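Report on one structure; see the data block that follows.
The values are calculated or read from the model by the stated rules, or taken from the named source; none is laboratory data. Keep in mind that this is a model prediction, so the values were computed, not measured. Here the Cβ is made from the backbone with ideal geometry for all residues, glycine too, and neighbour counts use every protein chain on show.
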Amino acid sequence: MSSLPSPTRARPRLVRSLLRLFTVQGSWNYERMQGIGIGVAEEALLQDLRTEGGADGVAYRAAVARGARFFNAHPYLCGLAVGAAARAEHDGVPPEQVERLRTALCGPLGSLGDRLVWAGWLPFTSGLALIGVALGLGLPAILGFVVVYNVGHVALRWWALRAGWTYGARVAQALREPLLQRATALSGPAMALVIGAALPLVAQYLSGAFFGWARLALAAVVAGGFALLWWQRARLTGLRLGLALLAVAALAGWVWL
Amino acid sequence: MSLEVQLLLLAWGTLVGLDLVSVPQMMIARPLVAGPIAGAMLGDVATGLQLGVLFELFQYDILPMGATRYPEYGPATVAAVSAAHAATGTLGLGLGALVGLITGMVGGLSLHELRQLNTRAVRRAAGALEAGDPRVLERVHAAGILRDAVRAAVVTALGLVLAQVARAYLAGALPPHGVALLNVAAVGAALAAGTAGTLRLVGRGPGLRWFAAGVVGGTVVAWLR
């Protein structure tokens, strides 16, 4: 077991690990998924172990190898696993328990991140930006989106890494934080409300140049396209629908000469 | 369009492509950001905003979870804006959507290929990785990021070439009502995809009531404007 650096002393390493976490999916692959990126981020927190286990750093190398094995979760919350595993390595937790900790974290971190970010914070902020553009705010709405979204993004990454490092093998406690629970509960309804409001405004914005028959045709295409996407969701995607409709429109326009 | 502007778009598309998965996921890969910035580079923010909004709706149709395969709309939006910019007044949205959707499909396929290449690289380095060699670990990771940068640049370049071809051969080939049909198809498909994707996220629970309340509120505001 190594003596843990105090939070103040650990801060530069946590910052280095955080910066590496921004690249966590850079080597995403079908075998270890995010494992390599996680290993790179965790290595910044394992450097104290170099002096442990003999001159050739056996403990350090074994910890680095474990850190780079299979892992997959939400990229913004990976820091929780990185911090917790690194802390557990410092605490001298047995290797098989560190492995079990990493495995146990994949599912909860993936599901929490998907609900909180991909299905919450991201569509919520992007929906607000869509409303801003539709109401004529232009580029400031886009800039606002990038700034506001990333305040939440960076704060979440930093919280996750610090919480993992603080709790170590008891990291499950961090996932029960009231603020996190409340944010997860609120993000879904907030996203639904904002995107619901954005859709009619965006429809008006994009169809501003359409008149007469074109507006009727647009209503028919939206209704028909939505019905197809809803009932054929296993086979049909927005991309395929878009390409098919554009092909039909180009053919109809060419025949209509 | 000058070579300098094309190179600028290529650089922007590469950054946008890298942001999607590799570095730093700050959402410049969202069409809503990629489009207007590409538009600003071309001196045509309005077209960039319109196509950014259009492809953002297509983006709602997908959730970038784990190993799922999905189209890549960031570099696609850059190419779409490039196509639509020169054709403003003739084809606009429709031409941009056509170029963007094809580029988005190619981008999605390229992501799968990249992951295969990364998998092979990881297998080759398995011995050193299991020995805990930090230098090999960092090298494998850096090579993955570099590969993604090259992939993003190639996808953007293909999109920009496609935009050039579309402008040269399609702009002016369709009559005005054909152009209008193309625009209707593009906007209609985007709105349908955006609505269906959002409703899949919202589900049948209490979120549906919030969604309905939002639609009513948005409709009222649109009506009053």
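At-a-glance table
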quantity	calculated
For residue B:151: the one exception among (1) surrounded by 21 or more Cβ atoms within 10 Å (Cβ to Cβ); (2) assigned to a helix (DSSP H, G or I); (3) at the interface with chain A (Cβ under 9 Å from one of its Cβ atoms); (4) not small (Gly, Ala, Ser)	(3)
Scan of the range A:133-167 for residues that are surrounded by 20 or more Cβ atoms within 10 Å (Cβ to Cβ), touching a residue at least 40 places away in the same chain (Cβ under 8 Å) and within 14 Å of the chain's Cα centre (by Cα), ordered by number	A:153, A:156, A:157, A:160
Tally, over the range B:130-145, of residues that are surrounded by 14 or more Cβ atoms within 10 Å (Cβ to Cβ) and either within 26 Å of residue B:19 (Cα to Cα) or of a type in the set (S, T, N, Q) (or both)	11
Failed criterion for residue A:188 (all others in (1) at the interface with chain B (Cβ under 9 Å from one of its Cβ atoms); (2) surrounded by fewer than 21 Cβ atoms within 10 Å (Cβ to Cβ) hold)	(2)
Residue in the range B:157-167 that is at the interface with another protein chain (Cβ under 7 Å from one of its Cβ atoms) and either in a helix (DSSP H, G or I) or touching a residue at least 40 places away in the same chain (Cβ under 8 Å) (or both) present	no
Condition broken by residue B:104, with the remaining ones in (1) over 13 Å from the mean Cα position of the chain (by Cα); (2) facing chain A (nearest Cβ under 7 Å) satisfied	(1)
Filter pass, residue A:155 being under 30 Å from residue B:55 (Cα atoms) and in contact with a Leu (Cβ under 7 Å, 6 or more places away or on another chain)	no
Matching residues in the range B:29-54 - criterion: being more than 18 Å from residue B:72 (Cβ to Cβ) and more than 10 Å from chain A (Cβ to nearest Cβ)	B:41, B:42, B:43, B:44, B:47
Residue satisfying condition, being closer than 28 Å to residue A:184 by Cα and at pLDDT 95 or above, within set A:81, A:65	A:81
Only one of B:187, B:106, B:140 that is under 30 Å from residue A:200 (Cβ atoms) and at pLDDT 95 or above	B:187
Matching residues in the range A:225-243 - criterion: being within 8 Å of another protein chain (Cβ to nearest Cβ) and surrounded by fewer than 18 Cβ atoms within 10 Å (Cβ to Cβ)	A:230, A:233
Filter pass, residue A:106 being crowded, with 23+ Cβ neighbours inside 10 Å and out of contact with any Ser or Thr (no Cβ under 9 Å at 6 or more places or on another chain)	no
Complete set of residues in the range B:155-179 that are of a type in the set (Val, Ile, Thr) and surrounded by fewer than 17 Cβ atoms within 10 Å (Cβ to Cβ)	B:161, B:165
Helices (runs of 4 or more DSSP H) lying entirely in the range A:54-163 (those with 1 or more residues that are closer than 30 Å to residue A:207 by Cα)	A:122-134
Test: residue in the range B:109-116 that is out of contact with any Leu (no Cβ under 6 Å at 6 or more places or on another chain), assigned to a helix (DSSP H, G or I) and facing another protein chain (nearest Cβ under 8 Å)	yes
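For (1) over 25 Å from the mean Cα position of the chain (by Cα); (2) more than 7 Å from every other protein chain (Cβ to nearest Cβ); (3) over 26 Å from residue A:120 (Cβ atoms), each residue gets a yes or a no:
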residue: A:198; (1), (2), (3): no, no, no
residue: A:201; (1), (2), (3): yes, no, no
residue: A:207; (1), (2), (3): yes, no, yes
residue: A:213; (1), (2), (3): yes, yes, yes
residue: A:217; (1), (2), (3): yes, no, yes
residue: A:221; (1), (2), (3): yes, no, yes
residue: A:252; (1), (2), (3): yes, no, yes
